[in-house]
Structures are given as structure tokens and as C-alpha cells.
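Okay, structure first, notes after.
The values are calculated or read from the model by the stated rules, or taken from the named source; none is laboratory data. Keep in mind that what you see is a predicted model, and the values were worked out from it rather than measured. Positions of Cβ are backbone-derived with ideal geometry, glycine not excepted, and every protein chain shown enters the neighbour counts. These area figures cover heavy atoms from the full protein model, side chains too; ligands, DNA and RNA do not enter into them. Shrake-Rupley method; radii C 1.70, N 1.55, O 1.52, S 1.80 Å.
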Amino acid sequence: MVFMIAVLTNMGLLSAIRHTGLSLWLEALDRCVRKKLATVNADPEVAQALLNRFDRAMADLTAVVEYLEE
């Protein structure tokens, strides 16, 4: 994981994040993960549990981003 972050940093990810609103990154993350969750091959209860956890995480991240963008 550390290596992947270092590679992304070298590719300019940190610069891109600094010049793009956090809410846009959050929206992209939400769209990407929901797309992946839609294709999860699991029991319906497990898939729903994953979606519920993701929804809670996104709500927390949204609150943090809203605070930071004030």
C-alpha cells in the first residue's frame, strides 16, 4: 500500500488533490465504489451489509469534507 501511495504521489496525485475540490474526489469515490458494489457476488444480506457500511463511511467523509471546505 505504501508503495502504491508513493507511485501515485510521484504521478502528481497530491498536486491534483490540492487543486481539485474535495467534494469532487468524494463524488468520484462514491461512484466508483458503488459500481464495484453492484457487481459483488455475495449473498444479498452480505451485499446489503457492505452497502450499509459504505453509506455510513460516505456520510462520515461527507461531513469531514464539508467542514474542511468551509
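Keeping all protein chains in place, calculate the accessible area per residue for the chain (probe 1.4 angstrom), answer in Å². Mind showing how you got there, number by number?
Numbers: 5930 Å² over 70 residues.
Accessible area per residue, the chain: 85 Å².
Between helix 44-68 and the chain there is an angle of about 30 degrees, using the helix long axis and the longest principal axis of the Cα atoms.
On segment 25-69, 59 percent of the accessible area sits on carbon and sulfur atoms, based on a 1.4 Å probe.
In this rough spin-label picture, where each label sits 7 Å from Cα along the Cβ direction, the residue 66-residue 33 distance is 1.7 nm.
Placing unit charges on each Cβ (+1 for Lys and Arg, -1 for Asp and Glu) gives the chain a dipole about its Cα centre, and among 25, 52, 65 the Cα reaching farthest toward its positive end belongs to 25. In the set (1) 75; (2) 105; (3) 91, the label that goes with volume of the Cα convex hull per residue in Å³ computed for this structure is (2). Residue 33 contributes an accessible area of around 40 Å² to the protein surface, as traced by a 1.4 Å probe with all chains present.
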